[in-house]
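Read the figures in this text as sums done on the coordinates, not as results from a lab. This is a predicted model, so every value here is computed, not measured. Using ideal geometry, Cβ is built from the backbone for each residue, glycine included, and neighbour counts are taken over all protein chains shown.
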Amino acid sequence: MTQQELYDELIKVRNAVKRKFISGGRMPAVCSDDALKLIAAVAPKRGEDLQCISGLGKTFVEKYGAYFMEPLDRFHKENAANAKITDDVRKTLKNLESRLVNINKRNRLLYMGKIYEKYAYDLHGRQMNALLEYITGKPSGKGFLLSEIDYANDSAAKKSKFKKLLTLEREVIKDIRESGQNDLYIGWPYLCGKMAGEDFNIRAPLALFPVTLERENESVYLLADGTRDILYNNNLILTQYKFSGSKKELPASVIEEVGENFIEELCAYYREAGIRFAAQLPKPAAFAEYTEETFPKFKSGEFRLENNAVLGKFSMYSSALQRDFKAIIEKDEINKLLDSLLENSGDIDYYSDERRNDGQGAENSFTERQINYINALNASQENAVFSLGGCDELVVQGPPGTGKSQTITSLIVDYVLKGHNVLMVSQKKAALDVIYSRLGALSKYALFVSDTKDKEFFYTQLYNLLYSAQKSDFDEQAYDDAVEVIDNNILELKEIADKLYKKNGLGTEMYRLYRENADNVFLGNYLLQSVGYENEIGGELFSVSYPALQGMRDKFKDELYLGRLKEYFDLLQSYPWLKKIKPLGRLELAEPLKLCAQLIAMKREYDAKFCLVRPFYKGDIIRKIKDIMELCFKKRQSVKEFFISPAHLMDGLMSFDRFTVIRALFDTLSAEEKLYITAVNNIADKTGVSMAEANRNVYDYIVLRHIDAFEASNKPVLSYIQNYDLIVDAVESNIEKKKKLTMEKLKQQLSSVYTKNIASSKRFGEMKRAVEGKRKQSVPKFIDRFAFELFRGVKIWLMTPEVVSESLPLDNGLFDLVVFDEASQLYVEKGVPAVQRAKKVVIAGDHKQLRPSSLGFGRLETDAEFDDDAEINAALEEESLLDLARFKYNEVLLNFHYRSKYEELIAFSNYAFYHGRLMISPNTEQPARPPIEVVRVKNGTWRDRRNEPEAKTVVTLLKSYLKTRTAEQSVGVITFNSAQKDAIMDAIDEECAKDRDFALRCSKEWNRKRNGEDIGLFVKNIENVQGDERDCIIFSLAYAKNEQGKVVRNFGWLNQRGGENRLNVAISRAKEKIYVVSSIASSELYVGDLQTEGPKIFKKYLEYAEAVSAGKKELAHQVLLSFTADAGEAAATDVSSDFSGAIRDALVKCGYEVEENVGIGGYSIDLAVKSQGRYVLGIECDARLYALSDSVRDRDVHRQEYLESRGWRLHRVWSTDWWHSPEKEIEKIQKIVGTLS
């Protein structure tokens, strides 16, 4: 149904309503035509939204709303691209839904048998009553002092208590930085018992009081968090509903006020859900530890209160996600995106490197007007933006440092400018932060919600949106001019490629004629030396293909072969009639030769006769000649020649046998070869040169004519080559202009959309009051209340998967585009609800990095008590949304690497994980110390999954780095496991207590931000570091000999299939430097007998790091090449080695230091001129560049822009210019180097 058809239907409804509600002979007005047009234009999905339309009100909705919603519902249903759920997909959906159900003993909101230090802290003690009064009353002041420590004098027990608080604080901070979720609450009071109808023990908090921890020197304070709501534990109610089969909606979880009758109110709330217990609170008690055997015995449905208070991490888990799944399954319809994603998904090998289509190689033809961006894009990023226009589902593979965030920003910008709305989804808050930051001034038009409990940030955004000055200075003409210049210049560059580097009528690329014929003999004095050639070389030879021409030239280089052919031409020149003789054998020639001897004798007698009597003898001679001709020739020939010289006839007949042999050689030639060798013979005879020289001259002359004809008909192309640098500069400068103008264009559009749908809304004043009021609604309630305005007036949304389900209606097509980032760490089930809300979907990530793990994410699959050690829980790693999507959707690869300043930092990942497909800039210079340094810890010991001496070495390194860094570089510490992470954090805390200067430096460093992005110091195990980058990374391997002096091969995750991806994450975070802190050498690791790749790749990395650290470049390169013989080398293959070799030789003669094929990544430089230890100029030969890429933008614009951004100055040498004058090209290079040195 079209919008016009909807309008027509609405008119029919209005007419019917008028007739239905006629009263006293008078029809009601109902609504105006303008109001109907607005209804058709905005097509509200809810009846209450009708009153938001100008001209309609509450009375209209109450009285007529239902009638008008009927055609609106049909309109939405007909325009929704829905499919019936198949049995296969329904089974998959139910399986995924079951993964969200956390009814087991890993869920701390249902069962806590004991206190785990990372997640909880028992508040029992002499302070407990005062603390409860603080959190249930109206807290004020600095906060509640929980603990303080004197490292020098306090007891071990007190230090242990303090350390437990610090451990919990670290985990909370980690979660906030990673996901934006603050799940720190005080759980009080506790309910203990057994669920009715199930053998499931419960020990869970009934109320959750939001708090924060604040550390001040060696004191830890607890503060009530007024920005979040006090909550009921709805996980208990969800479990009750699951076990009882209830289909009731979950009740509101917010506790509006804690009064004097709080316990009774708790009792009443849970009683409504079927959980009954006495409102009798016993005395405060310590949190007792229970096992399955020691847990108190309860009857089914029996519960009691316990006066325990626990400070801990209490995640709300996935009840909203479950609600969405339930609604999808009950509706029995899904959109086509979800259908294609989930169907036949059972037999996929998620670890396979196979891909459906990577979108690389072929040039995507698009005009500049077809893509929009506010950040600079390279060719692969442009490809991603453009590709989305041709499909509804796209996977963007973004290896480390390839600008995935920039690509996502441009996808959002491009789609919003085309009139659509976009939702970005990521499990990691850091990923959302980056996009929010990249939007710059546009971010005020976006809504960013990573935690629905964080009302303060949400309402601050709304305030800024409602009260910001809405102004834009977009210059449309300037935008159009910039776009036109870019498109025109790209066409000029494309014409160079088409004319010179694509096959033409000669069967080859024109540049080959220039490149392969630099020694053409006619170049010096073309007119003088080539005079007369056109008369001897047939026109047919100018239409011979270039490969065929080369073949003929090469064929006739053999002197013996050429000599025989020359003999053939010489015999023909002497005896042209030899070709007319019958095929005679030697015996058959005997009679004609005998007759020739007689003829010669007769002619001699004839010549001796007196002239007057000769006529009487002439007839005999002629008859003799005719007899010979009858025997030898196919047709009768003129007798005159043979009458004059019978000896000539005899000589020719005697040469016939030789002629027959070499004629057979000539006859094997093709028609073109015969023409060619004939021309060679003619030129040799005419100019007096040898056949070999004539062969070269004929070839060179034909090539010269081709080049001359090309240049005569392609003068604009030659002009483009001469102005190449200016053309590329014009493209780059206008791209820069367009970026800025696009920002203004988008600002204008977003401002216009905001003004039309929010600022001009009937409810604008109501929205402002809701934003400014003291008692603020929860985030989901506000979004629901003002959904009509928000979903039309806000075009960019950023959320976590849980927030999507908590806050947004489950409407198919709610968003024109949904973009997932870090999708390799997102469970399939967490992505499903957001995909259902999409018309198009982009799933971005890197399948060579971390996959999601159940550990610590609330997706739990066993009922056993758990050990939080990632090393022994490898089975919890599961397939991700990216894993599934890359087998179902089209895929593009981002392949320009930006993060690492030095190629050594990323080269290992490129070879080991990406098959050399990343484009990595060669170094322009080497740092004073290697980019990778191995720091050996001689006394390292592996004990309880940690290495204390190594942890202390890390702290020493960190102290030194923070003191000696020169430009406020950022730093992070990565470990293989959480135990080593804790050891390092403990060591940092201890050192901070001893060293005030170090404590101040760390305090300043922990929460550093730059342009809104987190660049603070971190200490993380690999599971939590994906998406982060720092200037310097300290990588603590921890593995060491155990107390018995043995290296135990317990590699944890690395031992699992795909476990090597964790190593890839760790070693690809650094921008400038990696310190690899290790207690073992690579030679101490024996992994040859292991089946999985992880330990083997780990050993190779250690070998590589040791080689780089020791300055052994060749050894490091050999390690890289051990992964594959040609990884990265294909890109470096020199298709013009003779060309670059000639340039190199000429420069070396001029005294320059020149290196060839510089770089070990996807981008190598043909030649680099070196001065004072650094490369001052990169020289690129045109031929290789055009062989590497078909894309004009990639080859001519983005490649140069990328390399120049990495410090290179580039100069391109053209085959055309080198052919005309190598000397001038060398002079150009000398001038450039002179200005740079």
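General observations
- When only Cα pairs below 8 angstrom with a gap of at least 6 residues are kept, the stretch 191-300 shows a relative contact order of 26 percent.
- Counting DSSP beta bridges with both ends in the chain, the antiparallel % (nearest 5): 50
- On Cα atoms only, tilt of 156-179 relative to the major axis of the chain in degrees: 50
- Nearest-20 debye value, the stretch 103-316 charge dipole, Cβ charges on Lys, Arg, Asp, Glu: 580
- Above-threshold pairs, the threshold being 24 Å between Cα atoms, out of Lys404/Lys839; Lys336/Lys830; Lys428/Lys738; Lys248/Lys781; Lys313/Lys455: Lys428/Lys738
- When each of Phe791, Phe642 is scored by the number of other beta-carbon atoms lying within 10 Å, the sequence from fewest to most is Phe791, Phe642.
- Over 29 Å [Cα-Cα, the stretch 588-747], rounded percent: 59
- DSSP-defined beta bridges in the stretch 110-235 - what % are antiparallel, rounded to 5: 95
- Given Lys580/Lys640; Lys1009/Lys1073; Lys737/Lys1073, the pairs whose alpha carbons are separated by over 25 Å: Lys737/Lys1073
- Once you divide the Cα radius of gyration of the stretch 1054-1111 by 2.2 N^0.38 Å, the number left is 1.15.
- Each 10 Å bin from 0 upward holds the following percent of the Cα-Cα pairs of the stretch 1129-1236: 14, 51, 32, 3.
- Largest-first ellipsoid semi-axes for the stretch 103-316, taking √(5λ) over the Cα gyration tensor eigenvalues, angstrom: 30, 19, 17
- Computed FRET value (nearest 0.05) for Ser670 with Ala1110, which takes r as the C-beta separation and R₀ as 41 Å: 0.10
- Here the relative contact order of the stretch 1129-1236, from alpha carbon pairs under 8 Å that lie six or more residues apart, stands at 22 percent.
- Debye log10 I(q)/I(0) at q = 0.12, 0.22 Å⁻¹ for the stretch 3-79, Cα point scatterers: -0.29, -0.98
- Residues in the stretch 1037-1062 that a label on Ser960 would reach, taking backbone N under 12 Å of a point 7 Å out along Cα→Cβ: none
- Averaging the sequence gap over all C-alpha pairs within less than 8 Å and six or more residues apart, then dividing by the number of residues, gives the chain a relative contact order of 13 percent.
- For the pair Gln4 and Arg636 in one chain, pulling the backbone fully straight at 0.36 nm per residue adds 218.1 nm over the alpha carbon distance.
- Estimated inter-spin distance, Ala597 and Lys715, nm [label 7 Å along Cα→Cβ]: 7.3
- Antiparallel DSSP beta bridges within the stretch 1129-1236, percent to nearest 5: 70
- C-alpha center-to-center spacing [the stretch 403-482, the stretch 720-751] in angstrom: 21
- Sites Ala1187 and Glu330, calculated FRET efficiency, Cβ-Cβ separation with R0 35 Å, nearest 0.05: 0.05
- Between the stretch 1059-1091 and the stretch 106-139, the Cα center-to-center distance that results, in Å: 40
- Using alpha-carbon coordinates, inclination of helix 476-501 to the longest axis of the chain, degrees: 40
- For Ile1232, Ile1165, the sequence from fewest to most other C-beta atoms within 10 Å is Ile1232, Ile1165.
- Lys, Arg +1 and Asp, Glu -1 on Cβ, resulting dipole of the chain about Cα centre, debye, nearest 20: 1300
- Distances between every pair of Cα atoms in the stretch 431-550, grouped in 10 Å steps from 0 to the bin holding the largest one, split as 9, 19, 16, 12, 11, 10, 11, 8, 3, 0 percent.
- Residue exposure sequence - Arg14, Arg1062, Arg769 - by fewest surrounding Cβ within 10 Å: Arg769, Arg14, Arg1062
- Gln748-Glu588 pseudo-label distance in nm [points 7 Å out on the Cα-to-Cβ vector]: 9.2
- Kirkwood Rh and Cα Rg combined as Rg over Rh, evaluated for the stretch 916-1069: 0.97
- Each 20 Å bin from zero holds the following percent of Cα-Cα pairs in the chain: 9, 29, 29, 16, 9, 5, 2, 0, 0.
- A Förster radius of 25 Å, combined with the Cβ-Cβ distance separating Lys740 from Asn464, puts the computed FRET efficiency at roughly 0.65.
- Segment Glu534-Arg276, extension gain: residue separation times 0.36 nm, minus the distance between their alpha carbons: 81.9 nm
- For the cross-link pairs Lys499/Lys555; Lys158/Lys297; Lys63/Lys756; Lys1004/Lys1096; Lys18/Lys795; Lys494/Lys1224, the ones whose C-alpha atoms lie over 31 Å apart are Lys158/Lys297; Lys1004/Lys1096; Lys18/Lys795.
- Cα long-axis angle, helix 429-438 against the chain (0 to 90 degrees, to the nearest 10): 60
- Alpha carbon centroid spacing (whole Å) that separates the stretch 639-711 from the stretch 778-817: 86
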